[in-house]
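As structure tokens, the structure follows; a few thoughts come after it.
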Amino acid sequence: IKNEAAADIKTASNTAELDSVRVKYLGKKGSLTSILRGMGSLSNEERPIIGKLANEVRVDIEALLDQAFDALKTKEKNEKMKSEIIDISMPGRVRTMGSKHPLTLVLDEVKDIFNGMGFSIVEGPEVELDYYNFEAMNIPKNHPARDVQDTFYINDDVVLRTHTSPMQARHMEKHKPPIRIIVPGRVYRSDTPDASHSPVFNQIEGLVVDEGITMGDLKGTLDVFAKKLFGEDTRTKFRPHHFNFTEPSAEVDVSCVLCKGRGCRLCKGTGWIEILGSGMVHVKVLENCGIDSKKYTGFAFGVGLERIALIKYGIDDIRLFYENDVRFLKQF
Ligand code: PHE
């Protein structure tokens with residue numbers, strides 16, 4: 001058995017074959033194993049002799065197997081190394097990293113500025129009730145102000161919000177003053193896309209309600225905002241305007257500092273560019289939302305996110321924000 005095993009071990013050309021040799025002799029049904037099993041039927045004189053011999057053979061075969069196994073293992077490892085050679089001089093694959101979208105960068109900055117002034121950030125639904133989008137904001141049915149907004153209607157009572165202002169009403173219904181929030185989010189208007197229009201764009205609503213809030217607070221807050229966003233030498237101009245949900249109302253222009261010397265088309269040569277609508281929250285809006293207008297006053301504003309991003313980066317076409325051309329996105 002020992003010689004047979006030694007011959008088999010020699011002919012095994014890989015570790016798998018070697019393992020079947022081991023099973024053939026030392027496995028449960030192996031030839032040496034059956035001898036050791038059959039010991040019981042031997043006489044008392046034969047048993048120690050045969051037992052000793054069989055054990056010696058087992059030890060020898062195991063030693064031969066171990067030796068052969070080590071040799072084959074090394075051989076297989078060498079072959080594997082040869083076949084799997086890695087050319088470390090090959091150029092690597094370039095991994096392109098994503099980056100934040102310019103609108104996200106500007107929104108992050110706006111959030112930071114208002115967080116710094118004690119505002120918290122809330123969000124609301126884009127599919128909105130006609131009630132919140134218009135009625136609560138003092139724009140009754142059939143009011144001409146509805147036409148200006150080119151509304152997408154879902155049905156008689158439900159619209160895609162045309163501005164973030166409905167969140168003023170939703171928030172005031174649920175929270176008592178002092179209120180200091182900004183509401184970033186997408187809004188929808190059925191405009192034909194061009195360099196300055198998109199049927200979907202982003203606004204950031206601001207709302208402050210407390211005792212003794214004045215137009216001075218509105219002007220101060222928005223002036224700080226403009227200076228932080230566009231640079232300390234930026235100036236703001238408050239132009240009288242009309243919104244149904246604020247009284248008095250104003251549009252705010254910023255001086256076009258960033259465009260200076262860059263031939264920026266946005267300012268159209270006037271040196272000023274409009275960035276937002278604002279005003280003192282209308283008494284009717286406060287009352288619609290269950291806020292005591294004798295005790296509290298407030299201001300609100302709505303900024304166009306795309307608009308301030310265009311100004312900040314000196315871009316002249318809003319569509320660039322939505323096309324996601326990497327050559328554009330890479331620049332931020
Ligand atoms: N909702 C107005 C708009 O979309 C902006 C605005 C917000 C004006 C809050 C005044 C107060 O044009």
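The values are calculated or read from the model by the stated rules, or taken from the named source; none is laboratory data. Predicted, not measured: the structure shown is a model, and the values here were computed from it. Virtual Cβ from ideal backbone geometry, glycine too; neighbours counted across all protein chains shown.
Would you mention how many residues in the stretch 192-226 are charged (D, E, K, R) and buried (at least 17 other Cβ atoms within 10 Å of the Cβ)?
Taking the stretch 192-226 as the starting set, the residues that turn out to be charged (D, E, K, R) are 194, 205, 210-211, 217, 219, 223.
So of that shortlist, the ones also buried (at least 17 other Cβ atoms within 10 Å of the Cβ) come out as 205.
Within the stretch 192-226, residues that are charged (D, E, K, R) and buried (at least 17 other Cβ atoms within 10 Å of the Cβ) number 1.
When each of F332, F321, F301 is tested for being within 16 Å of the ligand (Cβ to nearest atom), among the aromatic types (F, W, Y) and either over 17 Å from S255 (Cα atoms) or surrounded by fewer than 19 Cβ atoms within 10 Å (Cβ to Cβ) (or both), the lone residue that passes is F301. For the structure I just gave you, tell me whether F301 is of a type in the set (F, W, Y) and touching a Ser or Thr at 6+ places or on another chain (Cβ under 6 Å). Spelling it out, F301 is indeed of a type in the set (F, W, Y) and touching a Ser or Thr at 6+ places or on another chain (Cβ under 6 Å). Summed over the stretch 146-184, residues that are within 13 Å of the ligand (Cβ to nearest atom), assigned to a loop (DSSP other than H, G, I, E, B), on the phi < 0 side of the Ramachandran plot and more than 26 Å from the chain's Cα centre (by Cα) total 2.
In the set (1) among the hydrophobic types (A, V, I, L, M, F, W, C); (2) closer than 13 Å to L65 by Cβ; (3) under 60 Å from the mean Cα position of the chain (by Cα), A16 fails one condition alone, (2).
Specify which of the listed residues (L65, L72, L26) is surrounded by 10 or more Cβ atoms within 10 Å (Cβ to Cβ), more than 60 Å from the chain's Cα centre (by Cα) and under 28 Å from S13 (Cβ atoms).
On the way: L65 fails: more than 60 Å from the chain's Cα centre (by Cα); L72 fails: more than 60 Å from the chain's Cα centre (by Cα).
Going through L65, L72, L26 in turn, just one is surrounded by 10 or more Cβ atoms within 10 Å (Cβ to Cβ), more than 60 Å from the chain's Cα centre (by Cα) and under 28 Å from S13 (Cβ atoms): L26.
Return the pairs, sorted by first residue and then second, in which the second residue is at pLDDT 95 or above and within 16 Å of the ligand (Cβ to nearest atom), the first residue lies in the stretch 228-257 and is under 17 Å from V283 (Cβ atoms) and of a type in the set (D, E), the beta carbons are less than 7 Å apart, and the residues are 6+ apart or on different chains. Note: pairs meeting the criteria are E247/G279; E247/M280; E247/H282. Per the conditions (1) buried (at least 18 other Cβ atoms within 10 Å of the Cβ); (2) at negative phi, the sole criterion not satisfied by N138 is (2).
When each of D223, D233, D191 is tested for being within 19 Å of E306 (Cβ to Cβ) and acidic (D, E), the lone residue that passes is D191.
Residues in the stretch 185-196 that are within 14 Å of the ligand (Cβ to nearest atom) and either at pLDDT 95 or above or closer than 21 Å to F301 by Cβ (or both): 5 in all. Cβ separations smaller than 7 Å between residues 6+ apart or across chains give the following pairs from the stretch 200-227 residues that are farther than 13 Å from F299 by Cβ to residues that are in a helix (DSSP H, G or I) and more than 11 Å from the ligand (Cβ to nearest atom): F201/E306; N202/L103; N202/L305; N202/E306; Q203/L305; I204/V110; I204/L305.
Being basic (K, R) and more than 14 Å from the ligand (Cβ to nearest atom) is the filter here, so list the residues in the stretch 304-318 that pass it. Walk me through how you get there before you give the answer.
First pass over the stretch 304-318, keeping only residues basic (K, R): 307, 312.
Selection gives K312 alone.
Taking the criterion of being more than 9 Å from the ligand (Cβ to nearest atom), in a strand (DSSP E or B) and charged (D, E, K, R), the residues of the stretch 235-257 that qualify are K237, R239, E247, D253.
Do we have I275 as within 16 Å of the ligand (Cβ to nearest atom), modelled with pLDDT of 90 or more, within 24 Å of T162 (Cα to Cα) and assigned to a loop (DSSP other than H, G, I, E, B) here? Criteria not met by I275.
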